Amino acid sequence: MTKDVESSYWPSTSDAPSARLCNFGTGGSALRPAHQAWLAQNIVPILREHGNCVVEIGGLASRLGGSGLNDRLGQSRADAVKDFLEQQLQMSLPQVLTASYGESVSGGGASDNDGYYRAVLVKLHNGVVALPDPPPAVKRPPTMPKVAGPKMYFGIGAKFGGIVLGGTQTLEGYVFSVDDYKDQAHVEARIWTLGPGLGGGANVVFIMAYGSTHKHKFVGAKFDGWDFAVSLGGRWGDAIKGASKIPAVAKLAKVVKQGGKIEQALKGASKLSASEWEKVAELVKTSREALGVDPGSSKPQLNVLDIPLAGAALEVSLYKWWGTVTTFN
């Protein structure tokens, strides 16, 4: 487990201390108590006694999220360290140099959000007037290879078409892996219904797909059951409540209610931000049992849930449905 203060790339001595301050919050730049303690004990006393010492600070980020965002995040973390030093010494410190390496020297994959990469490098020494070339990318200690298991996806979409005593609906939406923000897919399905309903209209829905190790295996998958939203009754999971607060859902619901171009509005559902994804993905993981999802299932499955109050004609009556996934890529 990564400690809040780890050794840096460069040797650390009492008169030229160096460290890697780790475990910054995801998307955040607030210093942890251990960071402040190390800086107060190792950097502040030397700067107070020898004001001409140069301190180099390089901010880092994990590969989670876009590179541009991570560059800004790295700079924000580096600036937070400099701000702390200036607050401690009650003076401006022009010899404290900051820069951002972003995700450029972080190891791990696109979904590796290890605290070791959410960090800041700090080095104090004399005579250096510019930051050195960034260190090479870190290779973490080898771990036992993981056997790929079934994936689980969640996302936002819309159903088109209504129900009287029976009919068909088209489902379209975008889903994200709960484990990897960059693993996304466009989903389409055809649904046949039987039972009393509310008639024509469109609904904003929450989509869950699971039970396959590869996207293409979802295509052609057949699914059926009683209306999943009704079967949940009062057990609406926190995942659905969290999804209803996503800005993309609100925008999509507005278009649905106004009878606008739903296909165009759906593209907004594919632009879920990394921070929104992280919040809902965590809720989905912790709500699996309440949502009736078996993540270990080896059969590709799709569940579709109406998001309460988001649709233009919420079909709350009980009905039987069958469906086939036509697109998942």
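The values are calculated or read from the model by the stated rules, or taken from the named source; none is laboratory data. All values derive from a computational prediction rather than experimental measurement. Glycine also receives a Cβ, built like all others from the backbone with ideal geometry; neighbour counts cover every protein chain displayed.
Things to note:
- Residue match in the range 38-54 (condition: in a helix (DSSP H, G or I), among the basic types (Lys, Arg) and assigned by TED's automatic domain parsing to the domain that holds residue 111): yes
- Screening the range 5-53 for residues that are in contact with a Pro (Cβ under 8 Å, 6 or more places away or on another chain) and either under 25 Å from residue 103 (Cβ atoms) or not aliphatic (A, V, I, L, M) (or both) and picking the one that is surrounded by the fewest Cβ atoms within 10 Å (Cβ to Cβ) gives 9.
- Residue 30 being assigned to a loop (DSSP other than H, G, I, E, B), in contact with a His (Cβ under 6 Å, 6 or more places away or on another chain), outside the structural domain of residue 176 (by TED's automatic domain parsing) and not polar (S, T, N, Q): no
- Residue list for the range 88-110, restricted to those being polar (S, T, N, Q), assigned to a loop (DSSP other than H, G, I, E, B) and either more than 16 Å from residue 23 (Cα to Cα) or without any contact (Cβ under 8 Å) to a residue 40 or more places away in the chain (or both): 90, 92, 95, 104
- For the range 29-43, the tally of residues that are within 16 Å of residue 8 (Cα to Cα) and among the hydrophobic types (A, V, I, L, M, F, W, C) stands at 4.
- Residues in the range 1-40 that are without any contact (Cβ under 8 Å) to a residue 24 or more places away in the chain and small (Gly, Ala, Ser): 7, 12, 14, 28, 37.
- Subset of the range 305-329 that is modelled with pLDDT of 75 or more and of a type outside the set (Phe, Trp, Tyr) - its residue that is surrounded by the fewest Cβ atoms within 10 Å (Cβ to Cβ): 329
- Output for the range 55-79, where each listed residue is more than 12 Å from residue 100 (Cβ to Cβ) and modelled with pLDDT of 90 or more: 55, 56, 62
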